[in-house]
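Only one structure is covered here, and it is reproduced in the block below.
What follows is calculated from the coordinates using simple rules that are stated; it is not laboratory data. Note that the structure is a prediction, hence the values are computed from the model and not measured. We place every Cβ from the backbone using ideal geometry, glycine too, and count neighbours over all the protein chains shown.
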Amino acid sequence: MSTSPNEPTTPEGGWSEPQSSDSRTGFSRRLFVGGAAAAAASVSLLGGAALPAAAAGNPKLGRIGSVATSPELPAGFTKTFTSRFIQAGGLLQHAVIGGDGPPLLLIHGWPQNWYAWRLLMPQLAKKYTVIAVDQRGVGLTDKPQSGYDTRTLANDLIALMDALGHERFAVVGHDTGMLIGYALAADHPTRVERVGLAEIPGPLGAVPSPELFVEEPLNNKVWHIPFNRVNDPLTEQLVKGREDIFFGYEFAIQAGQKKLPDYALKYYFTLFSDPDSLRGSFGFYRAWDAMLAQNKARAQTPLPMPVLAIGGAEGWGKYVGDGMQKAAADLQTVVIPDAGHWVAEQAPQALLEALGAFLAPYHAAAQARR
């Protein structure tokens, strides 16, 4: 895939300016709810049958964050991928699904949603059934008040894959998705065949955490963690109405030399301007203590499946692989050149090549089983 994130080819998808919550409740004919496998989980296709009680009138449908409302998608994206809402694990979960082949679950980081993977998804869909999910509290997935520890977040995704009919699958996770992906592989090793983990220097709690007082360049990259962890409405009060400043700094300081395009930044700012989305985005960090304790226990058993540790050369680089040395029994590492923290959006072609080589045995084994 040769498309640069700054120069998309024949973009698809729509865009709407931020709207009031009352105006975001309309339905889109291009949105799908459920699918063949998910029908068994009481999810039906929008337009063909009546919406299930869990989704009928749901204000998530038609809002910013679906395929239909996402800007500058690669050419042909909407011919392959649809937004689907699946009732699983006690949540109505949103995932963008398409392609053919063995299942590949993509878990985004903070402050992003499924859209972070958009530049990789068309190429991956040629060999895999791609499932790019919005994790609990983010995007169009439900945003309960609790359940943001990595064990629960991993169980959410196990329930999702159960509902879709996928017993075994491969996983790629970035940032918070890296920590969720690690938990998923550690807690459910018989379900995960291979896992790629990007841009966190090891599963925190299983490896030493940074000190409180660190040098300024590192502090600028990690200061948001203690800020986001504050379990008080203060964080939302400080960020609300200043999403472009708060999240804009985060995207810039983690990017290195290649900044994300304005359309993508605007999309993310709008996505997290919803009060529930803002609160949900902090939920992961407010469960930090639970994650540290869980990872300390997980660290007693290295991951048994093949693991690919992925760093951006201008992000965490080789430290991602270094941090996984004791956490994985079968470890491969790669550092993506000309990329900071946002590897899937800054260097999609290089990341595709790395994932292609890593996932090839998984694809070959699936084809042989067929």
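Quick one: in the range 198-331, what % of C-alpha pairs are over 17 Å apart?
Considering the range 198-331, 67 percent of its Cα-Cα pairs are separated by more than 17 Å.
In Å, what Rg and Dmax follow from the Cα atoms of the range 253-323?
16.7, 43
Just subtract the alpha-carbon distance of L238 and D322 from 0.36 nm times their residue separation and send over the number in nm, one decimal.
Details: separation 84, 0.36 × 84 = 30.24 nm, distance 3.55 nm.
Stretched fully, the L238-D322 segment lengthens by 26.7 nm.
Mind giving me the nanometre distance, one decimal, between the label points for R168 and I253, set 7 Å out from Cα along Cα→Cβ?
Computed distance between label sites R168 and I253 equals 4.3 nm.
How long, wide and thick is the range 128-223, going by the Cα atoms along their three principal axes, in whole angstroms, largest first?
47, 29, 22
Can you pull the one-decimal nm distance between simple spin-label points at K266 and E216, each 7 Å off the Cα toward Cβ?
Taking the two extended label points, one gets 3.3 nm.
Counting other Cβ atoms within 10 Å, which chymotrypsin sites (Phe, Trp or Tyr not before Pro) in the range 221-296 have at most 16 and lie in a DSSP loop?
W223
May I ask you to work out the translational diffusion coefficient for the range 135-187 at 10 °C, viscosity 1.306 mPa s, via Stokes-Einstein with Rh from the Kirkwood sum over Cα pairs, reported in whole µm²/s?
Details: Rh = 11.5 Å.
Diffusion coefficient, whole number: 138 µm²/s.
When we measure straight from the Cα of K221, which lysines land under 29 angstrom away, once same-chain ones fewer than 8 places off are left out?
K143, K240, K258, K259, K266, K296, K318, K326
Determine which lysines satisfy two conditions relative to K127: a Cα distance under 23 Å, and not lying fewer than 8 residues away in the same chain.
Leaving aside lysines fewer than 8 places away in the same chain, those within reach of K127 are K79.
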